[in-house]
1. So which pairs qualify, if the first residue must be in the stretch 66-89 and closer than 19 Å to residue 31 by Cβ and among the β-branched types (Val, Ile, Thr), the second must be modelled with pLDDT of 80 or more and part of a helix (DSSP H, G or I), the Cβ gap must be under 8 Å, and the two must be at least 6 apart or on different chains?
2. Looking at the stretch 46-101 only, could you name the residues that are outside any loop (DSSP other than H, G, I, E, B), polar (S, T, N, Q) and at pLDDT 70 or above?
3. Restricting to the stretch 33-81, give me the number of residues that are closer than 14 Å to residue 12 by Cβ and hydroxyl-bearing (Ser, Thr, Tyr).
4. Do we have residue 44 as out of contact with any Phe, Trp or Tyr (no Cβ under 7 Å at 6 or more places or on another chain), within 23 Å of residue 78 (Cα to Cα), in contact (Cβ under 8 Å) with a residue 24 or more places away in the chain and of a type in the set (A, V, I, L, M) here?
5. I'd like to verify a number: residues in the stretch 16-36 that are in a helix (DSSP H, G or I) and either touching a Ser or Thr at 6+ places or on another chain (Cβ under 8 Å) or in contact (Cβ under 8 Å) with a residue 60 or more places away in the chain (or both), how many?
6. What do you reckon, is residue 12 at pLDDT 90 or above and in contact with a Phe, Trp or Tyr (Cβ under 7 Å, 6 or more places away or on another chain)?
Amino acid sequence: MYAASHEGALRLEDVLVRCTRTAIEERDQGMAAAQEVAALIAPVLSWDDEDVRRETEGYRTMVHVEMSAERQPDDLSAVAVPAEICAAYSHSRAGDRPVNA
């Protein structure tokens, strides 16, 4: 909670990547803790349940992209991964309502 209340963290990614370095120090890059951490910082950042869900889902997508890119045989393949995953993600959610940021 300190990261959100005193260090300027505004997103779950800020907390898990920059403030706590969980993304670097944990094998799963903090995926197991993401939901709980989002719920803990939610009151500080005035998030509702939808914000917690969106932040958690966004963080998990980011980690999935990074882990997939790291498994690629070369830089060119790794650079293509985010676009492929985002396109697949967007296609799978085409029927969802837009989320206001």
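The values are calculated or read from the model by the stated rules, or taken from the named source; none is laboratory data. If you're wondering where the values come from, they're calculated on a predicted model, not measured in any experiment. Cβ sites come from the backbone with ideal geometry, for glycine too, and all protein chains shown count toward neighbours.
1. That search, which allows pairs on different chains as well, returns 81/65; 81/68; 81/69; 85/61; 85/64; 85/65; 85/68.
2. Initial filter on the stretch 46-101 (outside any loop (DSSP other than H, G, I, E, B)): 49-70, 75-92.
Next, from what is left, pick out any that are polar (S, T, N, Q): 56, 61, 68, 77, 90, 92.
Correct list: 56, 61, 68, 77.
3. Within the stretch 33-81, residues that are closer than 14 Å to residue 12 by Cβ and hydroxyl-bearing (Ser, Thr, Tyr) number 3.
4. Details: out of contact with any Phe, Trp or Tyr (no Cβ under 7 Å at 6 or more places or on another chain): yes; within 23 Å of residue 78 (Cα to Cα): no; in contact (Cβ under 8 Å) with a residue 24 or more places away in the chain: yes; of a type in the set (A, V, I, L, M): yes.
Criteria not met by residue 44.
5. From the stretch 16-36, those in a helix (DSSP H, G or I) are 16-19, 22-25, 31-36; that's our starting set.
Still in the list and also either touching a Ser or Thr at 6+ places or on another chain (Cβ under 8 Å) or in contact (Cβ under 8 Å) with a residue 60 or more places away in the chain (or both): 16, 33-35.
Qualifying residue count for the region: 4.
6. Criteria met by residue 12.
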